Amino acid sequence: MLQKTEPSFRESVDIMFDRAAAVMDLSPGLCQKIRVCNSTYTVRFGVRLHGKIETFTGYRSVHSEHMEPVKGGIRYSLAVNQDEVEALAALMTYKCALVEAPFGGSKGGLCIDPRKYDEHDLEQITRRFAYELIKRDLINPAQNVPAPDMGTGEREMAWIVDQYARMNTTDINARACVTGKPLNSGGIQGRIEATGRGVQYALREFFRHPEDVASAHLFGSLAGKTCVVQGLGNVGSHAARFISEEDGVAIVGIIERDGGLWNDKGLNIAAVLGWMAEYGGIKDCPEGRYVAEGASLLEAECDILIPAAMEAVIHLGNAERIRAPLIIEAANGPITAGADEVLRHKGTIIIPDMYANAGGVTVSYFEWVKNLSHIRFGRMQRRAEEARTRLLVNELERLSADKGLGWTLSPGFKDKYQTGSDELELVRSGLDDTMRTAYQSMREVWHARPEVTDLRMAAYVVAIDRVAQSYRSKGL
Ligand code: NAD
């Protein structure tokens, strides 16, 4: 039966959980234990700004501690509330399980419009929020490790790690208390692009399986497909750039806060981003035709729709009119449970958020490991790898000369082959492997079990099963 009223974000996640749990062999007790959010801490704190005290409300939810530390971003937005934070924390539990990042799920949020404050004010607010969480071990390298999310980025993470280090002067692993940091504060190459890069790898993997592509009534490869992207923030801008510049996808539409932009031939994303950086929006950008009612482009004809802005943008009010046969959820929860049902009935293929945007937490995992090992990836191996490949190339050249074979290597081969992997290459390789493996685990369940009707259900089945195994092995 189709949903008639729109559930809240957390209820949406629970509905999707229940669909999957219904086809699994779980005891009702264990099922309930996995589903519920373990705890939510609410803090109200005051900060003196320009002589006046302002009070802020923040949250940190821990959904599941079947593995520790728990992990999940901190979001700055006026829409932050307990329901949303708990929904996002639950998604983190399942996401980490799906991509085999050894973490439980958590999420945090501060109810604030960050654009209304200058950098100095934001630093004071962030440090105070971090102080409240750190003193309760809700930020801690072994227990709870935040990361950026909507409205936060490297800068905020640098303030948080510094605040933690000031309060824990003898903790040698202090840098592992948060991920998504700038490189000079213990960050890792490739973290900023990671979620968008993961979306690209997810699409590439989907298009490696003709059977799956056909189920979306598409055919062929990623190249030449048309795409609409909503939200050119961290996730959306990277995903749009990578798939248009490297995979030949035409981004025909973009939706931002102040409207939409359309170009049948495909937009030049770098140019649009340059415009946005200069003028603060996409209005009047000469790269495409401006559409004042931006959200209407969600319903435009295209092969792939990438909602990468926020939750609940595809809802009961517009789901029926969505024409894209393939949706990849780069944002968390962009499709409500009701809309999900409508789209499934229509035959739309949805690559679910828990998988599609897992690139961020995957590279956060690499960053956390780097911080605990206190050494950059590739530092020990890179030159050794180069020496070995050089040996082989020299030997081939010697053989060719000695035997008069006249072999010549292709131009550029020597340089490319003889370069050892640096941190960025290793991070991308680890991310690519993770996205491929996770997709395969989902599609295996999707195709092997008739009662698993879609990729989202498959993702939940895989994730819940892993969390359940973890609880069982603890004797619960
Ligand atoms: P961001 O703040 O960098 O970007 C959000 C973008 O969406 C901005 O450009 C904003 O102008 C635009 N936007 C906001 N409201 C809009 C609306 N109503 N219509 C159109 N555009 C709108 O945030 P982000 O970090 O890119 O996160 C986006 C989504 O991806 C969120 O759902 C977040 O939870 C999810 N996510 C982010 C990460 C990460 O690493 N940053 C990881 C996993 C999931």
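The values are calculated or read from the model by the stated rules, or taken from the named source; none is laboratory data. Here the structure is a predicted model, which is why all the values come from computation and not from measurement. Positions of Cβ are generated from backbone atoms using ideal geometry, with glycine treated the same way; all protein chains shown enter the neighbour counts.
Summary table
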quantity: Helices (runs of 4 or more DSSP H) (entirely within segment 400-473) containing at least 3 residues that are buried (at least 17 other Cβ atoms within 10 Å of the Cβ), under 20 Å from the mean Cα position of the chain (by Cα) and of a type outside the set (Asp, Glu); calculated: 423-448, 455-473
quantity: Odd one out for ASP149, checked against (1) more than 24 Å from VAL361 (Cα to Cα); (2) under 14 Å from the mean Cα position of the chain (by Cα); (3) of a type outside the set (Val, Ile, Thr); calculated: (1)
quantity: Qualifying residue in segment 49-69 (condition: in a strand (DSSP E or B), farther than 20 Å from ARG456 by Cβ, under 20 Å from the mean Cα position of the chain (by Cα) and not basic (Lys, Arg)); calculated: yes
quantity: ASP162 vs. criteria of a type in the set (Asp, Glu), more than 16 Å from the ligand (Cβ to nearest atom) and touching a Ser or Thr at 6+ places or on another chain (Cβ under 8 Å); calculated: yes
quantity: Residue identified as part of a helix (DSSP H, G or I), modelled with pLDDT of 95 or more and in the same structural domain as PHE17 (by TED's automatic domain parsing) among ALA101, ALA158, ALA142; calculated: ALA158
quantity: GLY220 being in contact (Cβ under 8 Å) with a residue 24 or more places away in the chain and away from the ligand (no atom under 16 Å from the Cβ); calculated: no
quantity: Checklist (1) within 15 Å of the ligand (Cβ to nearest atom); (2) out of contact with any helix residue (DSSP H, G or I) (no Cβ under 6 Å at 6 or more places or on another chain) applied to HIS315, failing item; calculated: (2)
quantity: Segment 228-251, residues that are hydrophobic (A, V, I, L, M, F, W, C) and away from the ligand (no atom under 16 Å from the Cβ); calculated: VAL249, ALA250
quantity: Scan of segment 288-304 for residues that are buried (at least 18 other Cβ atoms within 10 Å of the Cβ) and more than 13 Å from the ligand (Cβ to nearest atom), ordered by number; calculated: GLY288, ALA300, CYS302, ASP303, ILE304
quantity: Of the criteria (1) crowded, with 16+ Cβ neighbours inside 10 Å; (2) touching a residue at least 60 places away in the same chain (Cβ under 8 Å), which one SER61 fails; calculated: (2)
quantity: Long-range neighbours under 8 Å by Cβ, at least six apart or interchain, first residue closer than 18 Å to ALA194 by Cβ within segment 166-181, second at pLDDT 95 or above and of a type in the set (Asp, Glu); calculated: THR179/GLU367; GLY180/GLU154; GLY180/GLU367; LYS181/GLU154; LYS181/GLU367
quantity: For ILE327: the one exception among (1) part of a helix (DSSP H, G or I); (2) over 15 Å from GLY260 (Cα atoms); (3) within 21 Å of the chain's Cα centre (by Cα); (4) within 16 Å of the ligand (Cβ to nearest atom); calculated: (1)
quantity: Filtered residue count, segment 269-287, keeping only those that are more than 12 Å from the ligand (Cβ to nearest atom) and either more than 27 Å from GLY248 (Cβ to Cβ) or part of a loop (DSSP other than H, G, I, E, B) (or both); calculated: 7
